[in-house]
Amino acid sequence: MNKEIHLPVDQVSLVEMGPRDGLQNEPRLLSLGQRQAFIERLAQCGLQRIEVGAFVSPKRVPQMADSAALFEALPRRGPTRYGALVPNLQGLQAAIAARADEIGLFTACSDGFTRANIGIGVEESLIRFAPLVQEARRLGIKVRGYLSTVIACPFDGPTKPKRVAALAERLLDLGCHEISLGDTIGVGTPGTVAPMLDAVLHEVPAGRLAVHFHDTYGQGVANLLPALERGIRTIDCSVAGLGGCPYAPGASGNIASEEVVYLLHGLGMQTGVNLDKLAATGQWVSELLGRPNGSRVGQALHARTRQSPPERHERTQGAPHAG
């Protein structure tokens, strides 16, 4: 039986996806220096897990080019851990050379999505991943397994909860220290998320799970509640709601980090994140990308700081002042 990872009931670990999952779907490319500044600002907000790049083909994902140079440039101080996404052995070797603190491997619950994403079916992807996980663990590098389309697939339709549970268990058995459950196209509601989580929790402890909700239909925050109620304490999020899904027209990015922090602090939970600094970073990167800020919390805080002295609104922990 895999040992469960325990966090205090009021402490939630956030995994910031903006520099990778967010930027890779943005049409405007940031320079290496801009990406570095973005990540350093996120770390200064108190975020301790940041996925910063992907060792994938720059022809397919030009936004992630120079990920090796980015890892080399990032300061290695404090508790912040930098993660990287890898698709194959070549990517794993590049991530190891770049001294990534954590690697992420990705598959899905549906063959249609997996083939569109990485050119192979789900079963073949798991076979490919096995030696990668073994090699990473041999070197003491933690492996995160991403499981996409846990609610539905844009090609294959709705996903059965038992299918999600079986694949999550497979990833755990392969040696992944954590499995991130992704509603990739953002169609889930609490009514569909809850039974999926119940099925998965029969096979995988809550402490080994993360949730990764996209906010296409505005349900991202609502979908966090059944996860929190069931003891899941790791949440993927993306500052300013950056991102999207290239295979699902209209799909928005991950749930905005600002919304997640606002919710959690309002529930009396601890994140270690300074919400004002986070909102300022979201506004900064949105302007850099020439796009609207996708976080309503970020928009509200930005409007308030323009109208009154910022020192009146400094917050770190506890419930944000709703005014």
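The values are calculated or read from the model by the stated rules, or taken from the named source; none is laboratory data. Worth saying up front: this structure is predicted, and the values here are computed from it rather than measured. Cβ: placed from backbone, ideal geometry, glycine included. Neighbour counts: every protein chain shown. Areas reflect the complete protein model, heavy atoms only, side chains present, ligands, DNA and RNA absent. Shrake-Rupley method; radii C 1.70, N 1.55, O 1.52, S 1.80 Å.
Of F106, F155, F129, the residue with the greatest mean-square motion in the GNM of the chain, using alpha carbon springs below 10 Å, is F155. Using 0.36 nm per residue and subtracting the Cα-Cα separation, the extra length available between A37 and T189 on full extension is 51.2 nm. Computed from the C-beta positions of Q11 and E124, the FRET efficiency with R₀ = 30 Å rounds to 0.20.
Averaging Cα coordinates gives a centre for the stretch 21-86 and one for the stretch 144-189; these two points are 24 Å apart. Which Cα, out of Q44, G145, T184, lies furthest along the positive dipole direction of the stretch 13-301 (beta carbon charges, K/R +1, D/E -1)? Projecting each Cα onto the dipole axis, the largest value belongs to Q44.
Annotation: extensible slack from E203 through L288 equals 26.3 nm (criterion: 0.36 nm per residue apart, minus Cα-Cα distance).
Taking all protein chains into account, the per residue accessible area for the chain stands at 42 Å² (1.4 Å probe).
Under the convention that each Lys and Arg Cβ holds +1 and each Asp and Glu Cβ holds -1, the size of the dipole of the chain around its Cα centre is about 440 debye. For D173 and R60, the difference between the fully extended length at 0.36 nm per residue and the C-alpha to C-alpha distance is 37.6 nm. Note on K160: aspartates and glutamates with a C-alpha under 19 Å away, same-chain residues under 8 apart excluded, are D111, E123, E169, D183, D198, E203. For the stretch 9-131, a crude dipole built from +1 on the beta carbon of Lys and Arg and -1 on the beta carbon of Asp and Glu, taken about the Cα centre, is about 340 debye to the nearest 20.
Our helix-only sum for the chain, with -39,500 (n - 2.57) per DSSP H run of n ≥ 4 divided by its residues, gives a mean residue ellipticity at 222 nm of -12000 deg cm²/dmol. Simple spin-label estimate for R304 and F155 gives 4.5 nm between the two label positions (7 Å along the Cα-to-Cβ direction from each Cα). Between L126, G253, G83, the Cα set farthest toward the positive side of the dipole of the stretch 13-301 (charges on each charged residue's Cβ, about the Cα centre) is that of G83. Counting only protein heavy atoms and a probe of 1.4 Å, the accessible surface of the stretch 13-301 is 52% carbon and sulfur.
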